Amino acid sequence: MPINQPVSFLDSVNLSFDRAAAAMDLPKGLARQIRTCNAICEMKFGVELRGSYEIFTGWRATHSEHVLPAKGGIRYAPFADQQEVEALAALMTYKCSIVNVPFAGSKGALCIDPKEYTLDELEHITRRFAQELDKRGLLGPGLNVPAPDMGTGQRTMSWIADEYQKLHPAEINARGCVTGKPVHFGGVEGRVEATGRGVQYGIQEFFRHPDDVAYAGLEGGLEGKSIILQGLGNVGYHAAKFLQEENGAKVIGIIERDGALFDESGISVEAAFQYKLDHGKLEGFPVGKFVPGGREALELACDILIPAALESVITGENAPRIQAKVIAEAANGPISYDADEILRKKGVFIIPDAYLNAGGVTVSYFEWLKNLSHVRFGRLDKRFAEAQNAKIIRLIESTSGKPLDKKLTDDLLQGPSEIALVRSGLEDTMRESYQEIKEMHDSIDKITDRRTAAFALAIRKIADIYDSMYL
Ligand code: NAD
């Protein structure tokens, strides 16, 4: 790697992969097979808008097909490019493998600034993009399943699902061609908050491991720990809100596009989010101190830094000045490979993106399962569970001769709702995967950090699939 040259996002992903593969004993050539992006398609298509034709450029990368469907978001951004799509698709392969979601990795992007178009125009453009994806075999419940990412959301997914349904009227599982849909259109409860919720569960799990907490130079639990957040969007807002409201953490800094907001005594994430919704920026928020620009805020002292905006925000240039004890990578690729090396040497504990932000794809998996089974989670067992619990309560009360606590019995009488099941499945996934990564870390001497351990875990699982295919 040339000295002083910024390391690209794609190179960072590939170098992290190579670092993990080098610590493992793999059949010759297999690491290269796993790392290689299988296919990337660039599409150019015209859309008639405002009295003339406008040409759009989009990409869909299928990084791997060791299992199908391939899964990954679609990003609408004016700065989207093919390399970024490839890097994100590769991360998706490793991410799915780490959290035991049976998908391969894919990613897509459209080079567009959604703010420049009306809703009707965006619908028209999205439907055309869906047609392009479909005719190239890059869309379908068994083939390739997009989800929302930056610049896209539930509405974009509904347009794609509807277009796919029109193109394939006999496909009974058509709605499963995308995830992240609204609940009334085949989505699942809890998908919107899922990535942020997964970040919360991942950080909670870190605090359940005293050796990891001590390594980071911290002690105790999440209560009172100081957090600096970058990016008050879907992922950052939910993660910080849950950590503040449910775990008692203190959000002392929020960095957004227009600048950074600070308050040592803590900022209400909900209030800041509502202010940003109303004003489109954080400047002018009535509490705390606002500093325009604000990228330097990443370097301020805090217990946990949560980058939740974009990739490569911590590079070889600013890494030496980072003071956070833990960096929880909610965004994809926020730390470049060279920065990662610097931070590792400083003893910063990094909870890697390929694990920490996998809550979105995990709940997407639940949504896809719901679409294929055509039934809401909890529909069959909710009342049954309530009736069973009522019998147990009656039995205990009649045996003891005393009524049980009302609040306790009310809780017990609630059968599992879809949201409760989704959260429970997500929490279980994040807890188990943390443990698996830790065990991988402990089992190979050459592995000295959690990112390498997470990559090694993904490589091991994918290698096993290749192995069993070519026995
Ligand atoms: P989003 O568009 O909802 O939010 C991004 C936020 O970052 C916005 O509030 C934006 O104003 C802010 N931002 C943009 N540039 C900034 C800058 N230079 N400095 C500070 N703030 C800036 O996007 P999101 O869905 O929350 O995704 C954020 C990150 O998480 C991305 O890296 C994405 O790939 C990753 N991710 C998202 C999901 C998901 O389910 N949405 C899943 C996995 C990973």
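The values are calculated or read from the model by the stated rules, or taken from the named source; none is laboratory data. No experiment lies behind these values; they were computed from the predicted model shown. Because the Cβ atoms are built from the backbone with ideal geometry, glycine has one as well, and the counts that use them run over all protein chains shown. Each accessible area value is taken on the protein alone, full model and side chains, heavy atoms only, with ligands, DNA and RNA left out. Shrake-Rupley method; radii C 1.70, N 1.55, O 1.52, S 1.80 Å.
Observations, loosely collected:
- Filtering the stretch 274-296 to residues that are near the ligand (Cβ under 9 Å from one of its atoms) and in contact (Cβ under 8 Å) with a residue 40 or more places away in the chain leaves K276, R295.
- Hey, S97 in a helix (DSSP H, G or I) and of a type in the set (S, T, N, Q) or not: yes
- Which listed residue is at pLDDT 95 or above, within 18 Å of the chain's Cα centre (by Cα), within 12 Å of the ligand (Cβ to nearest atom) and of a type in the set (A, V, I, L, M), from I74, I98: I74
- Identity of the residue in the stretch 149-177, of a type in the set (S, T, N, Q) and in contact (Cβ under 8 Å) with a residue 60 or more places away in the chain, that ends up most open to solvent (accessible area, probe 1.4 Å): N173
- Listed here are the helices (runs of 4 or more DSSP H) enclosed by the stretch 178-270 that have at least 2 residues being within 16 Å of the ligand (Cβ to nearest atom): 194-207, 234-247.
- Listing of helices (runs of 4 or more DSSP H) fully contained in the stretch 371-471 that carry 1 or more residues being surrounded by fewer than 11 Cβ atoms within 10 Å (Cβ to Cβ) and either aliphatic (A, V, I, L, M) or touching a residue at least 24 places away in the same chain (Cβ under 8 Å) (or both): 382-400, 406-412, 450-469
- Residue in the stretch 127-136 that is surrounded by fewer than 21 Cβ atoms within 10 Å (Cβ to Cβ) and within 16 Å of the ligand (Cβ to nearest atom) present: no
- Being within 24 Å of N234 (Cβ to Cβ), within 12 Å of the ligand (Cβ to nearest atom) and at pLDDT 95 or above holds for only one residue in E329, E311, and it is E329.
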